[in-house]
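The values are calculated or read from the model by the stated rules, or taken from the named source; none is laboratory data. Being a predicted model, the structure only gives us computed values, none of them experimental. Note: ideal-geometry Cβ built from the backbone for every residue, glycine included; neighbour counts use all protein chains shown.
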Amino acid sequence: MMQSGRRSFLKKSALATGGLLTFSQLSSAFSIDRNNDIIIGHNNHRYKVNLNWGNLDPAKTPVKDCHEIVQDSQGRIVMLTNHTKNNVLIYDKSGKLLDKWGTEYPGGHGLTLAKENGEDFLFITDYERHQVIKTTIDGKVVMTLDCPLDTGHYAQKEAYKPTETTVLENGDFYIADGYGNQFILHYNHKGELLNVFGGRGREEHQFINAHGICYDNRDKANPCLLITAREQNVLKKFSLEGEYLSSIPVPGALICRPVIHNNEVYFAVLKSKEAANDDSGFLLIMDDQDQVVSCPGATKPVYENHQLDQLYQTIRLFQHPHDVCVDEDDSIYVAQWNSGQTYPIKLTRV
């Protein structure tokens, strides 16, 4: 979508969404100031929308699905797309393109930043290659991990479709096989397999679409793993040893990777569970007490008898949001899947 198309996208959506945006919903869904800035979100997590951030010439720098986005040690915004002309795009915070690389990741999906001895590395999951690849920040491959056939959990490599990784301080890392057999695989920094847990199923310790994983050390005495069971609208907590701890339901929200910023957890929500339209995504922010405090682009979170009411999109702003990155200014960068090959959206906290 060209820049002019993106600027008119919201206006067209408001006029053509079959009543999704009624006048009575405007005040709860978003507000518009004198400069026509779009403000979304709830409580003290409200954001001004920039639909033109990061727009590029698609003939020179095309994207396909913009899957994940992180910030490196230099403050640059690094995004992964599965377009093999330029899999990795590196922006500054203003949206200016600084660098691009990568032509060999047709299933590029998960992007995680790791820091080792002052140097940045990236972990890329590629579900079409059935591999996880560790690279330097400029794209040099330093480790490739294939399907762990010798575990007995996979009859062939095609059953392994990793979606996400997370990295501990000691270099250990975990892989979520979210599009495959739903196992979580724990490796040491050398790439030696230490443990396998999870798997496909509806038991507490199992997953349907173990899409995202992140290391949660907000409680230094009790670090854990946060793993999304996206199709089940649940965030699950596990010990670092793979023991199931608890679940946090998020009714109506197909949550992607958990992203921790300060003491809160941010999610892109691919879509609303019961929405009539498929491109019904929004964002979700959860505090350190596991309470949802803001849903930019969706209904205000409401708890009744300690149970969260079902969430649903209220403004057709996002198209399958797939990941978020939160910078030191609390701005959010949103990468989107299946969104007409659009570039990221930036939200500035107000």
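Considering the stretch 295-304, and only residues there that are crowded, with 19+ Cβ neighbours inside 10 Å and touching a strand residue (DSSP E or B) at 6+ places or on another chain (Cβ under 6 Å), the residue that is farthest from Tyr333 (Cα to Cα) turns out to be Pro301. Where residues in the stretch 305-337 are out of contact with any Leu (no Cβ under 9 Å at 6 or more places or on another chain) and closer than 24 Å to Asn87 by Cβ, which of them is surrounded by the fewest Cβ atoms within 10 Å (Cβ to Cβ)? That would be Asp327. Could you say whether any residue in the stretch 148-160 is under 16 Å from His109 (Cα atoms) and either β-branched (Val, Ile, Thr) or in contact with a Phe, Trp or Tyr (Cβ under 8 Å, 6 or more places away or on another chain) (or both)? Checked the stretch 148-160: at least one residue is under 16 Å from His109 (Cα atoms) and either β-branched (Val, Ile, Thr) or in contact with a Phe, Trp or Tyr (Cβ under 8 Å, 6 or more places away or on another chain) (or both).
Residues that are among the charged types (D, E, K, R) and in contact (Cβ under 8 Å) with a residue 60 or more places away in the chain number at least 1 in the following strands (runs of 3 or more DSSP E) confined to the stretch 112-228: 164-167.
The rows are residues; the columns are (1) under 24 Å from Thr342 (Cα atoms); (2) at pLDDT below 95.
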| position | (1), (2) |
| --- | --- |
| Gly19 | no, yes |
| Ser27 | no, yes |
| Phe30 | yes, yes |
| Val49 | yes, no |
| Pro62 | yes, no |
| Asp65 | yes, no |
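When the residues of the stretch 71-89 are filtered to those that are of a type in the set (S, T, N, Q) and assigned to a loop (DSSP other than H, G, I, E, B), the one that is surrounded by the most Cβ atoms within 10 Å (Cβ to Cβ) is Asn87. A Cβ distance below 6 Å, combined with a sequence gap of six or more or placement on separate chains, defines the contacts here; from the stretch 40-67, residues that are closer than 15 Å to Ile345 by Cβ reach residues that are of a type in the set (Phe, Trp, Tyr) and at pLDDT below 95 in the pairs Ile40/Phe30. Scan the stretch 90-111 for residues that are closer than 22 Å to Asp327 by Cβ, assigned to a loop (DSSP other than H, G, I, E, B), over 19 Å from the mean Cα position of the chain (by Cα) and charged (D, E, K, R) and report the count. Final tally of qualifying residues: 2. Summed over the stretch 237-278, residues that are over 16 Å from the mean Cα position of the chain (by Cα) and closer than 27 Å to Asn195 by Cβ total 13. So for the stretch 102-119 (the condition being under 19 Å from Val63 (Cβ atoms) and either touching a helix residue (DSSP H, G or I) at 6+ places or on another chain (Cβ under 8 Å) or among the acidic types (Asp, Glu) (or both)), does at least one residue qualify? Yes, the stretch 102-119 contains at least one residue that is under 19 Å from Val63 (Cβ atoms) and either touching a helix residue (DSSP H, G or I) at 6+ places or on another chain (Cβ under 8 Å) or among the acidic types (Asp, Glu) (or both). Residues that are surrounded by fewer than 21 Cβ atoms within 10 Å (Cβ to Cβ), in a strand (DSSP E or B) and touching a helix residue (DSSP H, G or I) at 6+ places or on another chain (Cβ under 9 Å) within the stretch 39-70 comprise just one, His42.
Scanning the stretch 146-170 for residues that are under 22 Å from the mean Cα position of the chain (by Cα) and of a type outside the set (Phe, Trp, Tyr) returns Lys161, Pro162, Thr163, Glu164, Thr165, Thr166, Val167, Leu168, Glu169. Every condition in (1) under 15 Å from Ile137 (Cβ atoms); (2) crowded, with 17+ Cβ neighbours inside 10 Å is met by Glu119 except one, and the failing one is (2). Screening the candidates Ser246, Ser280 for the property of being farther than 16 Å from Asn209 by Cβ and surrounded by fewer than 18 Cβ atoms within 10 Å (Cβ to Cβ) yields one hit, Ser246.
Only a single criterion out of (1) under 20 Å from Leu347 (Cα atoms); (2) of a type in the set (D, E, K, R); (3) touching a Phe, Trp or Tyr at 6+ places or on another chain (Cβ under 8 Å) is not satisfied by Lys236, namely (1).
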